[in-house]
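The values are calculated or read from the model by the stated rules, or taken from the named source; none is laboratory data. The model shown is predicted, which means the values in this text are computed figures rather than measured ones. Note: ideal-geometry Cβ built from the backbone for every residue, glycine included; neighbour counts use all protein chains shown.
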Amino acid sequence: MKPPICELCMNKFDHREEGGTVSFKKTKQDKKWEKRVKKKSIVEHPPFMEWFCGEHFEAARKLEHLHHHEAMQELRKLFLLEEQSQS
Ligand SMILES: [Zn+2]
């Protein structure tokens with residue numbers, strides 16, 4: 001597993017206190033990855049799973065039906081573009 005760093009704002013956080021992982025919809029490549037990992041019985045961070053801090057976790061979880069890259073586009077629109085327009 002990767003250390004808990006928010007995929008959206010890149011902040012480190014304590015996952016025992018806030019945030020968590022969101023598993024997005026798996027792509028074909030992700031399914032291949034799963035097969036490969038099961039065969040080798042190694043532990044890797046799944047490519048479709050990402051950490052989100054307390055601020056972004058709820059929004060990310062609402063988008064878990066999307067593929068990872070689609071969800072990230074939506075989240076950037078929701079949070080990052082909003083911040084830019086305010087400054
Ligand atoms: Zn965040």
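Answer yes or no: is there a residue in region 30-47 that is crowded, with 17+ Cβ neighbours inside 10 Å and at pLDDT 95 or above. Scanning region 30-47, I find no residue that is crowded, with 17+ Cβ neighbours inside 10 Å and at pLDDT 95 or above, so the answer is no. Here is the figure for region 8-26: residues that are within 12 Å of the ligand (Cβ to nearest atom) and outside any loop (DSSP other than H, G, I, E, B) total 3. Selection of region 31-54 for residues being out of contact with any Asp or Glu (no Cβ under 8 Å at 6 or more places or on another chain), touching a residue at least 24 places away in the same chain (Cβ under 8 Å) and not aliphatic (A, V, I, L, M) yields only HIS45.
Screening HIS56 on (1) touching a strand residue (DSSP E or B) at 6+ places or on another chain (Cβ under 9 Å); (2) surrounded by 15 or more Cβ atoms within 10 Å (Cβ to Cβ) shows it passes everything except condition (1).
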